[in-house]
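Here the structure is laid out as structure tokens; the discussion comes afterwards.
The values are calculated or read from the model by the stated rules, or taken from the named source; none is laboratory data. All figures in this text were calculated on a predicted structure; none of them were measured in a lab. No Cβ is skipped: glycine too gets one built from the backbone with ideal geometry, and neighbour counts run over all protein chains shown.
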Amino acid sequence: MAEPSLKEKTAKGLLWGGVSNGLQQGLNLLFGIVLARILTPADYGMVGMLTIFSLIAGTLQESGFISALANRKEVDQRDYNAVFWFSAGISLLLYVTLFCCAPLIARFYSEPELTALARYSFLGFFIASLGTAPSAYLFRNLMVRQKALSAVVALLISGTTGIILAYYGFAYWGIATQSLLYTATVTACYWIFSGWRPTLHIDFSPLRGLFAYSSRLIVTNLFTHVNNNFFSVILGRFYTGTDVGNYNQANKWNTMGHSLMSGMVGGVAQPVLAQVGDDTARQGRVFRKMLRFTAFVSFPAMLGLSLIAPELITIAVTDKWAASADILRLLCIGGAFVPIVTLYSNLILSQGRSDWFMRSNIVQGLVQLAAALALYRFGLYVMFSAYVVINIAWLLVWHAMTRRTLRVTLLNALHDIMPFAVIATGAMAIAHFASAIATSIYAVLVIKILVAATVYTGTMYLTGATTFRECVSYILKKRP
């Protein structure tokens, strides 16, 4: 009875994760389009220059405890309470430090306005620290629906507020306020849905058993954020605010795309794989099934986004953002592999090997940073191309690490991944050539989407792809 229960729990988690992330990305898309029509690339560039500092501070305050608590066999009130007070204390200290350093940040970018904006924006990670323990509770107990509702409510409130502020001329202050309001609303919802409350008895002793695992996640996440955002720093330092804005616009669309799949997988993968961790053969079967599902949805979604990038950017946010379309096309190719990397990393974390997770991310981050610093003189697209190639190639490193503890060969993994990659690529190529008959940009967009979707799903149906049949059967409440 345990196997069907786990399957049902996983399926429901993936379904809610898919619905949630789909709705979230849809709302992000809607609000992003409106804001991009009102604001300029330079406005986005101002906030983008601060992103990496907020992310690093947020990583330090969270300290990897959410993942650590999910792996622990037994968790009680003392564990959550210790995480809450530690996270809040560290984040307050970090905020005071960055508040004092704000003038130095502004001087680095030669933007005096950043001093006040930084002090305002950095409040976000302190607010987020108050939700670390409730978030850990929801994640550990696979309460995906509650986390989904929290995010949707927060997006509706913050997105509406951001548009109103932008309309009345608050520019980048509106973007910063939108981010702060989102964080505050999500945190409040986590408190409501988890039902968990801290006590005034502060005891950090339960953290001792978590630090060995979580400390590696801290270092890892720091390098991951550097890896994901160093372009904003490099572009802000060596190029212009407009270049930063164009990159952030492209990266935002790319992140919206791959986050849909990564959110589905990341919301359930670690807890589920941890539950079957005592049975290596069973864990391998579960992993491969999730790997096929991830490839099935990731490749058509992200390669499709790359296909329609020029038309989508022009129609959605006008041609003032046209320069971001070419960047988006490149980033989406690498973005197709991000959900697969998410699954591999969750497998490693479920096995308690945060040390492997840390080493891989550190080395990858250093390689990509070195490549960017060496190639920035040759232009934006050379840097972005190198970044994408390294991201894809690093999947081999992730697989090599899992191979030590899981009996899944590289040939097995390629057998699970490549059919979907090849079919999706072929579908996009056919759609690209089919759209050549159209003269209107709207017709080109529609033809690309319809042809690509028809070819991909039709090929899945005609070849009898098991993953496709299982997804359809579950959605229709049938059993294969």
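If I filter segment 424-437 for residues that are at pLDDT below 95, under 24 Å from residue 306 (Cα atoms), of a type in the set (Val, Ile, Thr) and not in a helix (DSSP H, G or I), do I get at least one hit? Checked against the condition, which is being at pLDDT below 95, under 24 Å from residue 306 (Cα atoms), of a type in the set (Val, Ile, Thr) and not in a helix (DSSP H, G or I), segment 424-437 yields no hits at all.
Taking segment 314-323 as the range and being over 19 Å from residue 439 (Cβ atoms) and either buried (at least 16 other Cβ atoms within 10 Å of the Cβ) or not β-branched (Val, Ile, Thr) (or both) as the test, the residues that pass are 316, 317, 320, 321, 323. Of all residues in segment 315-340, those being part of a loop (DSSP other than H, G, I, E, B) and farther than 21 Å from residue 399 by Cα number 1.
Do we have any residue at all in segment 155-169 that's within 18 Å of the chain's Cα centre (by Cα), crowded, with 22+ Cβ neighbours inside 10 Å and assigned to a helix (DSSP H, G or I)? Yes; the residues of segment 155-169 include at least one that is within 18 Å of the chain's Cα centre (by Cα), crowded, with 22+ Cβ neighbours inside 10 Å and assigned to a helix (DSSP H, G or I). Name every residue in segment 392-423 that is more than 25 Å from the chain's Cα centre (by Cα), outside any helix (DSSP H, G or I) and hydrophobic (A, V, I, L, M, F, W, C), in order of residue number. Matches in segment 392-423: 406, 408. Taking the conditions exactly as written (free of Cβ contacts under 8 Å to residues at least 12 places away in the same chain and in contact with a helix residue (DSSP H, G or I) (Cβ under 8 Å, 6 or more places away or on another chain)), does residue 193 satisfy them or not? The answer is no for residue 193.
Here 331, 307, 395, 411 are screened, and the one residue that is out of contact with any helix residue (DSSP H, G or I) (no Cβ under 8 Å at 6 or more places or on another chain) and at pLDDT 85 or above is 411. Residues considered: 130, 156, 180. Of these, the only one that is at pLDDT 85 or above, of a type in the set (A, V, I, L, M) and within 18 Å of residue 47 (Cα to Cα) is 180. Among the candidates 129, 179, 135, the residue that is touching a residue at least 24 places away in the same chain (Cβ under 8 Å) and over 30 Å from residue 114 (Cα atoms) is uniquely 135.
Number of residues in segment 385-414 that are surrounded by 14 or more Cβ atoms within 10 Å (Cβ to Cβ) and farther than 18 Å from residue 329 by Cα equals 13. If we keep just the residues of segment 424-440 that are surrounded by 14 or more Cβ atoms within 10 Å (Cβ to Cβ) and without any contact (Cβ under 8 Å) to a residue 60 or more places away in the chain, which is farthest from residue 298 (Cα to Cα)? Checked segment 424-440; the qualifying residue farthest from residue 298 (Cα to Cα) is 438. Of all residues in segment 33-43, exactly one satisfies the criterion of being at pLDDT below 75 and either within 15 Å of residue 164 (Cβ to Cβ) or of a type in the set (Ser, Thr, Tyr) (or both), namely 40. All conditions in (1) of a type outside the set (A, V, I, L, M, F, W, C); (2) modelled with pLDDT under 70; (3) assigned by TED's automatic domain parsing to the domain that holds residue 139 hold for residue 3, with the sole exception of (3).
Number of residues in segment 88-103 that are polar (S, T, N, Q) and either surrounded by 14 or more Cβ atoms within 10 Å (Cβ to Cβ) or in contact with a strand residue (DSSP E or B) (Cβ under 9 Å, 6 or more places away or on another chain) (or both): the value is 1.
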